Amino acid sequence: IQEQMNKGGSSSNLWALRQIADFMATHGSPASLPVSHMVTPINDLHGWDPGSMVKGERLMRCKLASVHRLLDLYGWTQLPNTCLTVRNAFGVLVTYVTCVKVNILGEVVEKGSTALGVDLSAFALHSAVYSARPDIRCLLHLHTPATAAVSAMKCGLLLLSHEALLVGDVAYYDYNGVMEEEEDRVELQKSLGPTCKVLVLRNHGIVALGESVEEAFYTIYHIQTACQIQVAALCSAGGEQNLIMLDRSVHRPVATGTVGWAGSTFGPMHKSRLGEHEFEALMRTLDNLAEEIMQGSGWAIKIENPNQFVPLFTNPQEVLETRNKIREQNRQDMKTAGPRSQVLASVITDNKAVGPPSAPEPETPNPFNKLTDRELEEYREEVQRNPKPPLQLMPLLGNYM
């Protein structure tokens, strides 16, 4: 690819080479890949020399981009303000819409294919966490309506559901939106502690920490679900006093995908970390969505000429006549549901042809139509005086009794 760019190759050749490179990177032999699952390549890798990436950086970039796609898929994004970061030996990757590599102070190390900078006020939170917690490799910050609502509650995150138990210990911090002073960073680090991986920023949402991207997303997924359950339960129950709380010592959650041994059924035994199996399944979901888009009709088609969709070897005169006929029908509002059936016009039933329905027989004339209003009034008074109709009127009413 780099050679073609130096030679000034055509855009179509570069596009084809990039597709091949992405395919080989994600569908190579299992021996050449450090993980068992696939991640979707990102376009941000095409704008600069891939040789400048250290080992593992490309995979981390793809994982971080995949998390952005998952957040958008679930509707958890906040326009371009959703900030996700990953730390490794090569520095910190910061993503809003694009991916930028910075150091722990927020200074840009590699901007990639973008000219955009980094919001230092937003990154200050991430920098403070990474400085205090060397075990943390990924930080995801959500402020969806559900998480923001729970962060504004004095009660905090309640143990109402299995998802709330899976979240584990929760720390709270009175976040004012910026962390410019060293005192703010120290206070945040004290609130977080050495082991807690969930941080509630008062009135500002929730932060999930993880030793891997998979663990951080696993945690933020259950945080979002637990917050949605809590908001719905408080609205329907009418208060915290009407809710049943779970006891962590009695109700122990079953965390799927926790660190343990797996693979005895489907392959050799291997150790998996928290959230890896779920993240792998979500990557397959993204792959299937991408295939559906590629195979479906969701792509916009440019109309280059009016006969673009006309079958080959069609007489142009016939096409023009048919088009004019359709336009005339539309103009005169003569459109019908289609040709009428010629078979149902003479259906055979019991060896008898059923033709069009015959005209209905004429109704018997109403004898009262010839009476005047005075005669009808006299008849009404006579009926009221004598419930039984007079004998002379019986033949007259014979057809209506």
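The values are calculated or read from the model by the stated rules, or taken from the named source; none is laboratory data. It should be emphasised that the depicted structure is a prediction, and the values quoted were computed from it without experimental measurement. Ideal geometry is used to build each Cβ from the backbone, glycine not excepted, and the neighbour counts take in all protein chains shown. What goes into the accessible areas is simple: the full protein's heavy atoms, side chains included, and nothing from ligands, DNA or RNA. Shrake-Rupley method; radii C 1.70, N 1.55, O 1.52, S 1.80 Å.
Among the GluC sites (Glu not before Pro) within region 172-224, those in coil by DSSP and having at most 13 neighbouring Cβ atoms inside 10 Å are E180, E181.
How large is the Kirkwood hydrodynamic radius of region 98-233, counting all unique pairs of alpha carbons, in Å?
Values: mean 1/r = 0.0646 Å⁻¹.
One decimal place: 15.5 Å for the Kirkwood radius.
In this Cβ point-charge picture (+1 for Lys and Arg, -1 for Asp and Glu), region 94-152 has a dipole of about 80 debye about its Cα centre.
Within the full protein context, the accessible area of R380 is estimated at about 110 Å² for a probe radius of 1.4 Å. Within the assembled protein chains, the solvent-accessible surface assigned to L157 is about 30 Å², based on a 1.4 Å probe.
Rg and Dmax over the alpha-carbon atoms of region 176-254 stand at 15.6, 43 Å. Between L116 and L79, residue separation times 0.36 nm minus the direct Cα-Cα distance comes to 11.7 nm.
With the radius of gyration and the Kirkwood radius both derived from the Cα set of region 55-164, what is their ratio Rg to Rh? It would help to have the intermediate numbers written out before the result.
Working: Rg = 15.1 Å, Rh = 15.2 Å.
Rg/Rh: 1.00.
With both labels modelled 7 Å from their Cα along Cα-to-Cβ, the D174 to H162 distance reads 3.8 nm.
The loop-placed trypsin sites (Lys or Arg not before Pro) in region 134-212, going by DSSP, that have at most 14 neighbouring Cβ atoms within 10 Å of their Cβ come out as K154.
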